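Undergrad: Shown below is the structure under consideration.
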Amino acid sequence: MQTPTIERIKRQIANNSVLLYMKGTPDFPMCGFSSRVTHILNSLNAQYAYVNILENPDIRAELPQYAKWPTFPQLYIQGELVGGCDIVVELHKNEELKPMLAAVQALLPAKAEAVLAQD
């Protein structure tokens, strides 16, 4: 049986085409890794949702086991875990991230505002 937190995580991932689980918020990231990922997404004018795991200790505790990924941030695109900071940086450097975001129509002509993820 799944916990209510796992069910909530699944809804968040399903309901947001681009979702970032991070420490802090896009305006005030609370760790360097989260800051780097939000900087990359913002530089691409990506529209994305986020969850501040510091305000959601239940998600912070259960997401690593669910995702089989131990660290934060975690970026999801169209329900699939892309990875953490190092992978996002590498995808961006190799010009692979932008097409992934374009495929889910998450790129805007001007700067997008990140939104709090919907359950």
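Undergrad: Counting only DSSP beta bridges with both residues in the chain, what percent are antiparallel, rounded to the nearest 5?
TA: For the chain, the DSSP antiparallel bridge percentage is about 60.
Undergrad: Please work out which option in (i) 18, 17, 15; (ii) 22, 15, 14; (iii) 28, 13, 10 gives semi-axes √(5λ) of the Cα gyration tensor in Å calculated from these coordinates, and answer with its label.
TA: (ii)
Undergrad: Could you rank Phe72, Phe28 by how accessible they are, 1.4 Å probe, largest area first?
TA: Output order, biggest surface exposure first: Phe28, Phe72.
Undergrad: Let me ask something additional. Once you charge only the Cβ atoms, +1 for Lys and Arg and -1 for Asp and Glu, what is the size of the charge dipole of the chain about its Cα centre, to the nearest 20 debye?
TA: 40 debye
Undergrad: Roughly how many percent of the accessible protein surface of region 3-119 is carbon and sulfur, given a 1.4 Å probe and a whole-percent answer?
TA: 53 percent
Undergrad: Can you sort Glu96, Glu80 by solvent-accessible area, 1.4 Å probe, largest first?
TA: Output order, biggest surface exposure first: Glu80, Glu96.
Undergrad: Quick one: if the Förster radius is 30 Å, what FRET efficiency do Gln65 and Glu96 give, using the C-beta to C-beta distance and rounding to 0.05?
TA: 0.60
Undergrad: Once the piece of chain linking Met30 and Asp58 is laid out straight, how much longer is it, given 0.36 nm per residue of separation minus the C-alpha distance between them?
TA: 8.3 nm is the gain from fully extending Met30 to Asp58.
Undergrad: Can you spot the aspartates and glutamates whose alpha carbon is less than 17 Å from Lys93's alpha carbon? Ignore those fewer than 8 places along the same chain.
TA: Those aspartates and glutamates meeting the cut-off do not exist here.
Undergrad: If amide H atoms are built 1.01 Å from N in the plane of the peptide, which residues on other chains or at least 5 residues away come under 5 Å of the amide H of Val18?
TA: Amide H neighbours of Val18: Ala49, Gln78.
Undergrad: Okay, next question. Over the chain, give the accessible area per residue in Å² for a 1.4 Å probe, as an integer.
TA: On a per-residue basis, the chain sits at 55 Å².
Undergrad: Mind running the shape call on region 8-62? Use the C-alpha gyration tensor, a ≥ b ≥ c as the square roots of the eigenvalues: rounded below 1.5 for a/c, prolate if a/b tops b/c, oblate otherwise.
TA: The shape class here is oblate.
Undergrad: May I ask you to rank Leu75, Leu108 by accessible area, largest first, using a 1.4 Å probe over the protein chains only?
TA: Leu108, Leu75
Undergrad: What does the accessible area of Tyr66 come to, in Å² to the nearest 10, when a probe of 1.4 Å is used?
TA: Using a 1.4 Å probe on the heavy atoms, I get roughly 90 Å².
The values are calculated or read from the model by the stated rules, or taken from the named source; none is laboratory data. Treat the numbers as computed from the prediction; the structure is a model and nothing was measured. Don't worry about glycine lacking a Cβ; one is built from the backbone with ideal geometry, like all the others, and counts go over all protein chains shown. In case anyone asks, the SASA skips ligands and DNA or RNA and just uses the protein heavy atoms, side chains included. Shrake-Rupley method; radii C 1.70, N 1.55, O 1.52, S 1.80 Å.
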